[in-house]
1. Among (1) among the small types (Gly, Ala, Ser); (2) modelled with pLDDT under 95; (3) closer than 18 Å to ARG126 by Cβ, where does SER75 come up short?
2. Exactly one condition in (1) touching a Phe, Trp or Tyr at 6+ places or on another chain (Cβ under 8 Å); (2) of a type outside the set (Phe, Trp, Tyr); (3) closer than 19 Å to ASP168 by Cβ is false for ARG69; which is it?
3. With the requirement that a residue be under 15 Å from the mean Cα position of the chain (by Cα), under 24 Å from ALA133 (Cβ atoms) and in contact (Cβ under 8 Å) with a residue 60 or more places away in the chain, what does segment 69-96 give you?
4. Given the criteria open to solvent by 60 Å² or more (accessible area, probe 1.4 Å), under 16 Å from CYS27 (Cβ atoms) and in a strand (DSSP E or B), does TYR119 qualify?
5. For segment 35-63, which positions are in contact with a Gly (Cβ under 9 Å, 6 or more places away or on another chain) and either modelled with pLDDT under 95 or among the hydrophobic types (A, V, I, L, M, F, W, C) (or both)?
6. Does any residue of segment 37-59 turn out to be among the acidic types (Asp, Glu), in a strand (DSSP E or B) and over 19 Å from VAL165 (Cβ atoms)?
7. Being within 14 Å of VAL137 (Cα to Cα) and open to solvent by 10 Å² or more (accessible area, probe 1.4 Å) is the filter here, so list the residues in segment 28-55 that pass it.
8. Under the condition of being over 12 Å from LEU86 (Cα atoms) and not polar (S, T, N, Q), which residue from segment 3-13 is nearest to the chain's Cα centre (by Cα)?
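The values are calculated or read from the model by the stated rules, or taken from the named source; none is laboratory data. Since the structure is predicted, the reported quantities are computational estimates derived from the model, not experimental observations. Because the Cβ atoms are built from the backbone with ideal geometry, glycine has one as well, and the counts that use them run over all protein chains shown. Just the protein is used for accessible areas: all its heavy atoms, side chains included, with ligands, DNA and RNA removed. Shrake-Rupley method; radii C 1.70, N 1.55, O 1.52, S 1.80 Å.
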Amino acid sequence: MDRNEMNASVVELMDREAIRECMFRYCRGIDRQDEAALRSAYWPDATDRHGPYQGSATGFVDWALEKLRTQGERSVHIVANLSITLRGMQAAVETYFTALQRDRDAQGIAREVFLAGRYLDRFEKRAEEWRIAQRTVVYDWVRPLGTPEGSEAERFGPRQPIGGVRGDDPVHALLAAIQQPGSQDDPGSARNL
């Protein structure tokens, strides 16, 4: 392998990793109701066909966050089996997902559902960044799990901390605690040598 081939291979690996990271950012955004993370997964002109919603990705984010604020309690999205077909500045990406979701029905009764399916995404690379330009969610499995018994404190017991949303999740403390490269607190910073 010559230097040009090696450089092309490295760029391809970096592109694939950027797409994976975008998918993970989407999951964190929807599960933690983190608007900035969720919006950063899509290009501003992207579209999304997502269950009952079909339209702009910006509209989907607004719709999903409002639904989660008013009816949603908890969700966990897990992605696997990412199949990435790169074609220049575009990529066709099929990503399998499973999701556990808890919300409340019109009468305020909690309900849980298990979903499995695939995100079919057309990614675009613009200014060296990969994001979703078009999404269609394909549902392959749905199973209502019924109403959970007891309170969260009873169900989780000693398993603490419990995940939260909108900044009230332990991941935000973790992210705030890590040092910024080059900051005064970074032992490897030139200022501290």
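1. (3)
2. So ARG69 meets the others, but not (1).
3. If the condition is that a residue be under 15 Å from the mean Cα position of the chain (by Cα), under 24 Å from ALA133 (Cβ atoms) and in contact (Cβ under 8 Å) with a residue 60 or more places away in the chain, then LEU82, VAL93, THR95 are the ones that fit.
4. Taking the combined requirement at face value, the residue does not satisfy it.
5. Correct list: ALA36, ALA37, LEU38, ALA41, VAL61, TRP63.
6. The first filter runs over segment 37-59 and keeps only residues among the acidic types (Asp, Glu), leaving 45, 48.
Now drop any that are not in a strand (DSSP E or B), which leaves 45, 48.
Now drop any that are not over 19 Å from VAL165 (Cβ atoms), which leaves 45, 48.
Yes, because at least one residue in segment 37-59 is among the acidic types (Asp, Glu), in a strand (DSSP E or B) and over 19 Å from VAL165 (Cβ atoms).
7. Of everything in segment 28-55, those that are within 14 Å of VAL137 (Cα to Cα) and open to solvent by 10 Å² or more (accessible area, probe 1.4 Å) turn out to be THR47, ARG49, HIS50, GLY51, PRO52, TYR53, GLN54, GLY55.
8. Here the residue is VAL10.
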